[in-house]
Each structure stands twice: as C-alpha cells, then as structure tokens.
C-alpha cells in the first residue's frame, strides 16, 4: 500500500489526470480514511475548467473532491477524539484554517479551506482528514448517500434554514434544479415552505423538481413567466428566491420575482459580477441580496441524523456509480449534463 490512484488537478498546467501517488501518512491530529465513495460536483468541474480559482491553495497540484465518505484506516498521533479503525464516516467539505484572527479567538474562521480545492480531497483510494472534520455515520446510511451530504445537501440545507431562515408557509423559488437545486427543493419542503416554485429550462429537471416536492415547475423562458409567479403566490411575489445556478440572468429574473421584503439567496457560485438592474422598486419593496457559501459546522451532523431517521431519503439523488479511474468521464458527463445527473459517485 505504498501508492494509490488519485484524481489530481495541476494548477500550473490546468490539466486533470488520474495518476499514481504516494499514500499519505497521517500526522498529529489526522486520520487516514479509506475512501468508499466520492461525489462529483459542479464546483469540481469549475475548478478543472478554470472558472473556480482556489483562494488558499497549499500546493501547485491538488487531489480533487470535497464530497467523501469511507472508513477510518489509520490513526495519527495526538488524537483528541475516540475514533477507532473501521469507523464509518463522512467528511466535512472543508476545514478552518487555524491561523486567522477568528480561529485564534475561537470565532468563525475568516479563511475557510475547501477540500479538493485548497487542499487534497477525496478523489482517491485514501485521503487524510483532520479529526475534527469527521462525522460518524450509522450502518444503515449507504456510503454513496453519506458522501453527498457535505455540499450537495448541506449547502442548500444551510441556505434554507440558516442564511434564509425559511419558515412554514413562506413562498420559495428555486432557480436551477441540478445537484444543489434539487436538494434545495426537498429541504424547502422539509421545513414547510409553500408554495415551492422550481424554475429550470430543462423539462426533465422540472419533472424531477415536482417529484422532489415542488408545487409548481416553470420554464424561465416562458413569455408569461412573471405572471405565473404572481398567480402562484396570490400576487405577493416570493419571500425567498434561491439562485442555485450561479448565472447573472438568473439573478436578475429571481430578484424581479421577489415580493415585499423578499430575499435573493446566492447559492450558486460564479466569477462573474453580481448586477441588479432593478431600480427604485428594489428599494421600495425592501428587497435584499444575501451571499451564501457551503454549509455550517452543524449541518452535516444534523443531516446525517435526518437521513438515518428516515426524514430524508437520498437514494433518488444518486444517478450513477463510476470507477475512480474514469473520473474524467464523470466530469464530462456532468459538464455536458449527459443523462441530466443529480450526483455521480466515484468508487475507488
């Protein structure tokens, strides 16, 4: 077990390759995880196509992947937690930097590091994890479903319950019903939002949104789109509009669909500028724009509990399983929406 396969992105040459690398050795406070499943996220695609640039890269080459589950394989020294070899775990999608003013003062970290972007992630046979980023999972939670909880599920979960704070009977619109947006619909349903309006140009995505709990699914290109939103909300407009696409045109349309005091929640990421061209009415209607990124420390733990208790079934979210060696094919399928996937899972 001296070497292993890993999906690596070379930041200097902008090339992705699955190659043999040395199996990492856990240092103080670290654990070596044998990876059982790793999700393929649109953020991974954006990293590889160059539209997502690491903010705090620690190396010129990084093992991709921030949605990971597996089992504890090797314990490093100086652990302050009683995990044992063989424990089933999922990994948080990032970690605190431990050096900023926030970390030093035990406040929120101001330089959160993202796995598979800023440091080595889990598109590999083995991956290192800092002990505080591990969440034990029960035997009845499959590895593939556990792997997608960090990010694909925890990001919209935190957006719904924390950033937005959606309450029962508040109206919600979700733009872009892909991997994140589909779960945004389900989680809005879980907290009692009504009505839930899903917006996507793909008919298959709109059908999926209805199956996932949306009350209405609309085509954003329809000539009477604004009228349909007003009708669905009894003329009041949306309380919350979630942009899960990260597209400027989506943000413009979503902002215009908000009602009095409504908030646009930016869940999807993009390097392009944020522009709101709406004028006086944006002020008059007291609308807001809120940025959102990832989950919160408690998000993954709470979602593991919800799925284990049967409140959230993630089986329909798993589109396909792909060998790690074919990671490039998985990237191609997601980037081009071949088969309209929710989540593709890499299996070492």
Problem - Helix axis angle, 299-308 relative to the chain longest principal axis, alpha carbon, degrees - result: 90 degrees
Practice task
Would you give the gap between the C-alpha center of segment 20-95 and the C-alpha center of segment 244-265, rounded to a whole Å?
Solution key: 34 Å
Problem - P(r) histogram, all alpha-carbon pairs of the chain included - 20 Å bins from 0, percent - result: 31, 57, 12, 0
Completion exercise
In a Gaussian network model of the chain with springs linking alpha carbons closer than 10 Å, the residue among 100, 244, 41 that fluctuates most is 100
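Which whole-number percent gives the relative contact order of segment 4-107, counting Cα pairs below 8 Å spaced six or more residues apart?
About 29 percent, as a whole number.
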Problem - Relative contact order %, the chain, counting alpha carbon pairs below 8 Å whose residues are six or more apart - result: 18 percent
Problem - Cα-based helix-to-principal-axis angle, 179-190 vs the chain, degrees rounded to 10 - result: 70 degrees
Practice task
Give, to the nearest whole percent, the P(r) tail of segment 1-147 beyond 25 angstrom, counting all Cα pairs.
Solution key: 27 percent
Problem - Theoretical gain in end-to-end length, residue 227 to residue 3 [0.36 nm per residue, Cα-Cα removed] - result: 74.7 nm
Handout entry: Over segment 153-291, relative contact order from alpha-carbon pairs under 8 Å, at least 6 apart, %
Key = 21 percent
Fill in the blank from the handout: Treating every alpha carbon of segment 72-141 as one equal point scatterer without solvent, the Debye formula yields log10 I(q)/I(0) values at q = 0.17, 0.23 Å⁻¹ of -0.73, -1.14
Completion exercise
Gyration tensor on Cα atoms of segment 153-291, a ≥ b ≥ c root eigenvalues, a/c under 1.5 rounded, else prolate if a/b beats b/c, else oblate, says rounded
Practice task
Rank these for me by crowding, 120, 313, going from fewest to most other beta carbons within 10 Å.
Solution key: 313, 120
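Computed from the coordinates by the stated procedures, all read-outs in this text should not be read as laboratory data. This is a predicted model, so every value here is computed, not measured. All Cβ positions, even for glycine, are placed from backbone atoms using ideal geometry, and neighbour counts span all protein chains on display.
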